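The values are calculated or read from the model by the stated rules, or taken from the named source; none is laboratory data. Bear in mind that the values here come from a model prediction, so they are computed numbers and not experimental data. No Cβ is skipped: glycine too gets one built from the backbone with ideal geometry, and neighbour counts run over all protein chains shown. With ligands, DNA and RNA removed, areas are computed over all heavy atoms of the protein, side chains included. Shrake-Rupley method; radii C 1.70, N 1.55, O 1.52, S 1.80 Å.
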Amino acid sequence: MIASLHSSLSFSISPWKLRSHSNRRNTSQQASVSQITTAESDPLIQHTTRRRCECYDMYKEVVPFAEAWSWQQSIVEKRKTLIDINEDDSDSLIILQHQPVYTLGTASTENNLNFDIKDSPLPLYQTERGGEVTYHGPGQLVMYPILNLRFQKMDLHWYLRALEEVVIRVLFSAFSLKASRIDGLTGVWVGDKKVAAIGIRVSRWLTYHGLALNVCTDLSPFEQIIPCGIRDRGVGSIKGLLRESNEHFLKSFYDDDDDGKLIDIAHDSLVKEFCEVFQLDLSYRSVSMVR
């Protein structure tokens, strides 16, 4: 059964309404490591001061998807009202982990589900974000930026590449992992393994949804889907990649296999690089204000 935010009624996906990434992908395309122009270096983005961003940081909490989805939509509607009266003076950021869940984007088809859509092994939500099916669960850090792109760059491709840039910087600066983009696809890769998925929605130049970084995630639920509709590449996590590359290096992050420490390191680096790429100053707000 698929759930939507406003209804508990099940419905099926009409394949003719949707498209699959696999139909437009060139599997011979090579990984791209080219840098993008970010807000910190783009001369067309005139930041006289760094823009303020209200941060609801609950990165150690495991939050139901529907709850976080509702928070985002509520913030977006409030921000639209502020835009109308020219008082939208700060952006928003939600950081958390999710309870196990599958989410579908606007490009989703049933062909990328390895189960009966009416009998999903996990909660299944149809969302308004772009992209295909993905999995969220504990051990995966999720960032939901709600940014007014009028103060950044009114270009959705630029925004997607900027989110990728955040993750690429995190993986290299915090974990010495060389990550890349792949031409024609969205997300961040180390070798042929996707470690970060990105799916966004933009309304009146306000962004929501965002990125998910696999830190120490149980990857087995991905076996029930074709992640992001990509059949010939795998999914990875920071923990798994570190173990493959250098067991001694991995142990330098751990005390008795403490995944919490790895989450802490990834979180701190994500926040730092996010603020640098988008030239934002975080103002931490009580989680009770968004709940």
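Observations on the model:
- Relative contact order for segment 78-135, counting Cα pairs under 8 Å that sit 6 or more residues apart, in percent: 40 percent
- In the full protein context, segment 163-291 carries 41 Å² of accessible surface per residue, based on a 1.4 Å probe and ignoring ligands, DNA and RNA.
- Point-to-point label distance, residue 284-residue 232, nm (Cα→Cβ direction, 7 Å offset): 4.6 nm
- Efficiency of FRET between residue 66 and residue 117 - r from beta-carbon atoms, R0 22 angstrom, step 0.05: 0.75
- Convex hull volume per residue in cubic angstrom - Cα atoms of segment 136-222: 104 Å³
- Amide H contacts under 5 Å for residue 52, placed H, 5+ residues apart: 91, 281
- Summing +1 for each Lys or Arg and -1 for each Asp or Glu among the other residues whose beta-carbon sits under 9 angstrom from that of residue 215 gives 0.
- Segment 129-136 - phi-based ³J(HN,Hα) in whole Hz, Karplus 6.51/-1.76/1.60, Gly and Pro as x: 6, x, x, 10, 6, 8, 10, 10
- For residue 225, the amide hydrogen comes within under 5 Å of the amide hydrogens of 114, counting only partners 5 or more places away or on other chains and with H modelled in the peptide plane.
- ³J(HN,Hα), Karplus 6.51/-1.76/1.60, whole Hz, each residue of segment 68-84, x for Gly, Pro: 5, 4, 5, 4, 4, 5, 5, 5, 4, 5, 5, 5, 4, 4, 5, 4, 4
- For residue 176, the solvent-accessible surface computed with a 1.4 Å probe is close to 80 Å², ligands and nucleic acids excluded.
- In segment 75-174, the ratio of gyration radius to Kirkwood radius, Rg to Rh, stands at 1.03 when only Cα atoms are counted.
- Per-residue ³J(HN,Hα) for segment 163-172, Karplus 6.51 cos²θ - 1.76 cosθ + 1.60, θ = phi - 60°, Hz, x for Gly and Pro: 4, 4, 4, 4, 5, 4, 5, 4, 4, 7
- For segment 191-242, the relative contact order comes to 43 percent (Cα pairs under 8 Å, sequence separation of at least 6).
- Difference of contour (0.36 nm per residue) and Cα-Cα distance, residue 291 to residue 261: 8.1 nm
- Residue-level accessible surface for residue 291, protein heavy atoms, 1.4 Å, Å²: 130 Å²
- Mean sequence separation of contacting Cα pairs (under 8 Å, at least six apart), scaled by the length of segment 153-247, corresponds to a relative contact order of 20 percent.
- Given 153/239; 193/272; 193/261; 78/239; 80/272; 78/194, the pairs whose alpha carbons are separated by over 29 Å: 153/239; 78/239; 78/194
- A simple spin-label model places pseudo-atoms 7 Å from Cα toward Cβ; at residue 81 and residue 245 they are separated by 4.6 nm.
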